[in-house]
Amino acid sequence: MNLITIVGARPQFIKAAAVNMALRLAGIDERVLHTGQHYDDNMSDVFFRELGIPVPHWNLGIGGGSHGTMTGAQLAGIEAVLMQEKPDALLVYGDTNSTLAGALAAAKLHIPVAHVEAGLRSFNRRMPEEINRVLTDHVSRWLFVPTEAAVANLRREGVVGSDVLLVGDVMYDVALHFASLALARSVRSVTFEKLGGQPYVLATVHRAENTDDPQRLRAIVHALVALTDEIDVVWPVHPRTRSALAKLGLNVDARKGLHCTEPFGYLDMIEMEQAAQLVVTDSGGVQKEAFFFGKPCVTLRDETEWVELVEAGWNRLAPPTSAEALVRAFRSALGTTGQAIEPYGRGDAARRIADILQGSTA
Ligand code: UD1
Ligand code: UDP
């Protein structure tokens, strides 16, 4: 089988690390197309260097702009490559604009689409990711599903049968593979060294619903600053958030106990997750990584796609409506754990995906 994989945003590079390795072992010829959606060194290239993903065959250099502008330009760029290359299948990850652009381009050229991380739903159609994932699922030939809850979501939409493939979560594979490597490095991350063993909370924020709503972003900043009276906070700041903070004149850099940094590479990130007391985030991937490493998590959202972690007590939802409510949520989560559950498979999701693709006739 000859496959083209679409990546574009940070979490997709990380997922591709596991799947690329498995595809290679299964003898599948994979070439990677980078849309260019994320382009800073610390949002893109660092992951290729650290995780051994092959250099993309194509980079369309299409990042920034409105949803329509970005998705449309990516769609046209991907279509041109697919018409030229005629791959047997196209593989996409998750729910970004790059995912949707790839899935649409391929489906209309009758190239079968493999969707990794299918079936997730927030049931909030105001999220761009929800639109992207619903549409991608409905044009995909193989729906590689991470959880039972995602299978049930698809069933509710009438997507059933042998195309729905519960394989587990490839992010679990990646975390298992790299967790100890991150700690075994001869040089630890600058932030880890700087903290010198002090306890800390690790925070990330990038969802449009938080960054683009001044009231929510202010509540988050004030709550994190308030938390520093009790415990240090490490916050690698996403570029979208960096510019939203600047627009509001919120200076987060000169606060005692609040360590705002550039985005981390993956190895630094999972090193910091493994030693944190608490994870505070609106990221999908980071919610799960907190659980992989046995850390409590507060999710700065109204809902989550990873409902099993809330049900098992590992994660609690804290919509950022006020700083006081957030600080209460942080305090009550610190020091807690959840039930022992195994919702994300056994760390072999990527191998299962590769085996299924290898045994399929497109
Ligand atoms: C995107 C995805 C989101 C995913 C996130 C992962 C969509 C709709 N959103 O959100 O689902 O969770 O990636 O991080 O696809 N920017 C830079 N440098 C970069 C990348 C972005 O400066 O390397 C800035 C640009 O100003 C850009 C803004 O961040 O306009 C937002 O980037 P964009 O890719 O549109 O959305 P994300 O918020 O990153
Ligand atoms: N991540 C990283 N550096 C950071 C923040 C996050 O490497 O500074 C990793 C994180 O460990 C996880 C992935 O990025 O594997 C999650 O991506 P992100 O939060 O950007 O997007 P989401 O998962 O919400 O789509």
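The values are calculated or read from the model by the stated rules, or taken from the named source; none is laboratory data. Remember, predicted model here, so these are calculated numbers, not experimental data. Don't worry about glycine lacking a Cβ; one is built from the backbone with ideal geometry, like all the others, and counts go over all protein chains shown.
Just a few scattered comments:
- Any chance V201 is part of a strand (DSSP E or B), farther than 26 Å from G345 by Cβ, within 12 Å of ligand 2 (Cβ to nearest atom) and among the β-branched types (V, I, T): no
- Boolean, Y200 is closer than 25 Å to T304 by Cβ, over 22 Å from the mean Cα position of the chain (by Cα) and among the hydroxyl-bearing types (S, T, Y): yes
- The numbered conditions (1) closer than 30 Å to P343 by Cβ; (2) part of a loop (DSSP other than H, G, I, E, B); (3) within 16 Å of ligand 2 (Cβ to nearest atom) are all true for T136 except (2).
- Pair list, Cβ under 9 Å, 6 or more apart: segment 309-338 residue under 19 Å from T228 (Cα atoms), other residue of a type in the set (S, T, Y): A318/T299
- For segment 100-125, the set of residues classified as more than 16 Å from ligand 2 (Cβ to nearest atom) and either in contact with an Asp or Glu (Cβ under 8 Å, 6 or more places away or on another chain) or part of a loop (DSSP other than H, G, I, E, B) (or both) consists of A105, K108, L109, H110, I111, P112, F123, R125, listed by residue number.
- In segment 255-273, the qualifying residues are those that are more than 18 Å from the chain's Cα centre (by Cα) and part of a loop (DSSP other than H, G, I, E, B), and the one that is farthest from ligand 1 (Cβ to nearest atom) is K256.
- Positions within segment 330-362 being more than 17 Å from A26 (Cβ to Cβ), within 23 Å of the chain's Cα centre (by Cα) and surrounded by 14 or more Cβ atoms within 10 Å (Cβ to Cβ), in sequence order: F330, A333, G338, P343, Y344, G345
- Within segment 92-103, residues that are closer than 13 Å to E79 by Cβ reach partners that are in a strand (DSSP E or B) and hydrophobic (A, V, I, L, M, F, W, C) with beta carbons closer than 7 Å, at six or more positions or on different chains, in the pairs G102/I6; G102/L90; G102/V92; A103/V92; A103/V113.
- Residue match in segment 144-156 (condition: modelled with pLDDT of 95 or more, under 22 Å from L33 (Cα atoms) and within 15 Å of ligand 1 (Cβ to nearest atom)): no
- The conditions of being buried (at least 21 other Cβ atoms within 10 Å of the Cβ) and not aliphatic (A, V, I, L, M) are not met by T321.
Per-residue answers, yes or no, for (1) of a type outside the set (S, T, N, Q); (2) on the phi > 0 side of the Ramachandran plot; (3) within 11 Å of ligand 2 (Cβ to nearest atom); (4) not in a strand (DSSP E or B):
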{"residue": "G285", "(1), (2), (3), (4)": "yes, no, yes, yes"}
{"residue": "F291", "(1), (2), (3), (4)": "yes, no, no, yes"}
{"residue": "K295", "(1), (2), (3), (4)": "yes, no, no, yes"}
{"residue": "E303", "(1), (2), (3), (4)": "yes, no, no, yes"}
{"residue": "E308", "(1), (2), (3), (4)": "yes, no, no, yes"}
{"residue": "R316", "(1), (2), (3), (4)": "yes, no, no, no"}
{"residue": "P320", "(1), (2), (3), (4)": "yes, no, no, yes"}
{"residue": "E324", "(1), (2), (3), (4)": "yes, no, no, yes"}
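- When each of A276, A340, A290, A333 is tested for being farther than 17 Å from A203 by Cβ and either of a type in the set (A, V, I, L, M, F, W, C) or modelled with pLDDT of 95 or more (or both), the lone residue that passes is A340.
- Residues in segment 1-42 that are assigned to a loop (DSSP other than H, G, I, E, B), within 11 Å of ligand 2 (Cβ to nearest atom) and touching a His at 6+ places or on another chain (Cβ under 9 Å): A9 alone.
- Subset of segment 132-175 [over 19 Å from the mean Cα position of the chain (by Cα) and basic (K, R)]: R141, R155, R156
- Within segment 274-285, the set of residues being out of contact with any Cys (no Cβ under 9 Å at 6 or more places or on another chain), within 16 Å of ligand 1 (Cβ to nearest atom) and not small (G, A, S) comprises D282 only.
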